[in-house]
Amino acid sequence: MKHTYRLLLEGKPDEGDEVWIPAFEIAGDEDGPNLLILAGIHGDEYEGIETILRLFSELLPEDIRGNLLMIPCANPYAYEGGTRLSPDDGVNLARVFPGQQSGTVTEKLAYELHHRMIAKADFLLDLHSGGTHYAVASLVGYYQEEGSAFSQRCREAAEAFGAKLMWAHDEISPGRSVSSAQALGIPWLYTEAYGGRRVRQEDARLFYGGTIRLINHLEMLVDPLKWPIDQQEMERKTIYSDGNFDHSATAEEDGFFIPAIPLESEVRQGDLIGTIYALDGSELQRVLAGSDGFLVMILGIPVIRKGDPVYLLASVTSS
């Protein structure tokens, strides 16, 4: 069975309009796992939406075992506004899981996704990218804990996904879709990519091919030879931290930011990340690396306001 349906939500404040989440389901002809794929948690991230639309167009029930449930636009409020936060309440959906049944519109949305989607899955893949404001290294993120069978399942899935860069987290910040999954004992992965409110072809290939490889890793593909699961030999790199973008270094001044180094650079403490200028040419702030690390995120647009995130470093060694 292959079909689409809509999950109805409460209308927006002071409006009677229906708000709904599109859902794509492919129930395989054979028994197998339940895989949930989310995209559009942030309304300005489009790589995951494209991936899901392609997968639903191409996969048939006879192609898979188990059940594949895909949500191409998990946050219709933010998608409508083309924003990271939900414009109706100013809340970041990726910070409020598992939500509240009687909270703001975004908290209610998190509650529905947690209880109606995540809780019924055997594995969660959440597709993210840098969106409008941030340039983020293309990667797959997973949970890492020495000696944990749960962690091993996440790590093996991350390796199967096939990204050159993997981000290992020994701590998971609360409020995320993946922290909801982890609390329920459901293994998970998430992605990041460059962003910029456009889909780069290299990121489209990674997300699509990686998702197919994950489906195959979960033994859900009936005939793997029909699909692009082969991986080229590559040198993988693993970086480490809790992955919390809320811990990014922030600007001390309003101005125009010019980066000094490219994304994915390895830096030493004190290295120049970039400079914030005034429009009269005066230097307002030299943004310096606060520690050694790997530049996993840098501001993707030049105009910056005081307090805005500028960069985020991850460690190149496990703690």
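Entry remark, the range 207-238: residues being over 19 Å from Leu68 (Cβ atoms) and either touching a strand residue (DSSP E or B) at 6+ places or on another chain (Cβ under 9 Å) or surrounded by 21 or more Cβ atoms within 10 Å (Cβ to Cβ) (or both) number 3 in total.
Here is a yes/no grid of residues against (1) of a type outside the set (Asp, Glu); (2) touching a helix residue (DSSP H, G or I) at 6+ places or on another chain (Cβ under 6 Å):
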| residue | (1), (2) |
| --- | --- |
| Val199 | yes, yes |
| His217 | yes, yes |
| Leu221 | yes, yes |
| Trp227 | yes, yes |
| Glu233 | no, no |
| Lys237 | yes, no |
| Tyr240 | yes, no |
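Applying the condition of being of a type outside the set (Ser, Thr, Tyr) and part of a strand (DSSP E or B) to the range 189-205 and asking which residue is farthest from Asn244 (Cα to Cα) yields Leu189. Among the residues making up the range 52-75, those that are in a helix (DSSP H, G or I) and touching a strand residue (DSSP E or B) at 6+ places or on another chain (Cβ under 6 Å) are Ile52, Phe56, Pro61.
Here His217 clears all of (1) modelled with pLDDT under 95; (2) farther than 27 Å from Arg198 by Cα except the condition numbered (1). The number of residues in the range 1-52 that are at pLDDT below 95 and crowded, with 20+ Cβ neighbours inside 10 Å comes to 1. Residue pairs whose Cβ atoms lie under 6 Å apart, sitting 6 or more positions apart in sequence or on different chains, and linking a residue in the range 273-288 that is within 13 Å of Asp254 (Cβ to Cβ) and without any contact (Cβ under 8 Å) to a residue 12 or more places away in the chain to a partner that is surrounded by 11 or more Cβ atoms within 10 Å (Cβ to Cβ) and among the polar types (S, T, N, Q), do not occur here.
To keep it simple, each residue is scored yes or no on (1) of a type in the set (S, T, N, Q); (2) over 18 Å from Met166 (Cα atoms); (3) surrounded by fewer than 19 Cβ atoms within 10 Å (Cβ to Cβ); (4) modelled with pLDDT of 95 or more.
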site: Thr250; (1), (2), (3), (4): yes, yes, yes, yes
site: Ile276; (1), (2), (3), (4): no, yes, no, yes
site: Gly293; (1), (2), (3), (4): no, no, no, yes
site: Ser319; (1), (2), (3), (4): yes, no, yes, no
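If I filter the range 227-244 for residues that are farther than 20 Å from Met297 by Cα and either part of a strand (DSSP E or B) or modelled with pLDDT of 95 or more (or both), do I get at least one hit?
Quick first cut of the range 227-244, residues farther than 20 Å from Met297 by Cα only: 227-235.
Pick out the ones that are also either part of a strand (DSSP E or B) or modelled with pLDDT of 95 or more (or both) and you get none.
No, that holds for no residue.
Does the range 92-114 contain any residue that is within 18 Å of Tyr208 (Cα to Cα) and out of contact with any strand residue (DSSP E or B) (no Cβ under 8 Å at 6 or more places or on another chain)? Among the residues of the range 92-114, not one is within 18 Å of Tyr208 (Cα to Cα) and out of contact with any strand residue (DSSP E or B) (no Cβ under 8 Å at 6 or more places or on another chain), which makes the answer no. In the set (1) under 25 Å from His169 (Cα atoms); (2) touching a residue at least 12 places away in the same chain (Cβ under 8 Å), Glu233 fails one condition alone, (2).
Within the set Phe294, Phe207, Phe256, the sole residue that is touching a helix residue (DSSP H, G or I) at 6+ places or on another chain (Cβ under 6 Å) and aromatic (Phe, Trp, Tyr) turns out to be Phe207.
Any idea which of Leu55, Leu59, Leu85 is under 20 Å from Ser180 (Cβ atoms), assigned by TED's automatic domain parsing to the domain that holds Glu25 and surrounded by 17 or more Cβ atoms within 10 Å (Cβ to Cβ)? So the residue among Leu55, Leu59, Leu85 that is under 20 Å from Ser180 (Cβ atoms), assigned by TED's automatic domain parsing to the domain that holds Glu25 and surrounded by 17 or more Cβ atoms within 10 Å (Cβ to Cβ) is Leu85.
The values are calculated or read from the model by the stated rules, or taken from the named source; none is laboratory data. Being a predicted model, the structure only gives us computed values, none of them experimental. FYI the Cβ positions are ideal-geometry reconstructions off the backbone, even for glycines, and counts take in every protein chain you see.
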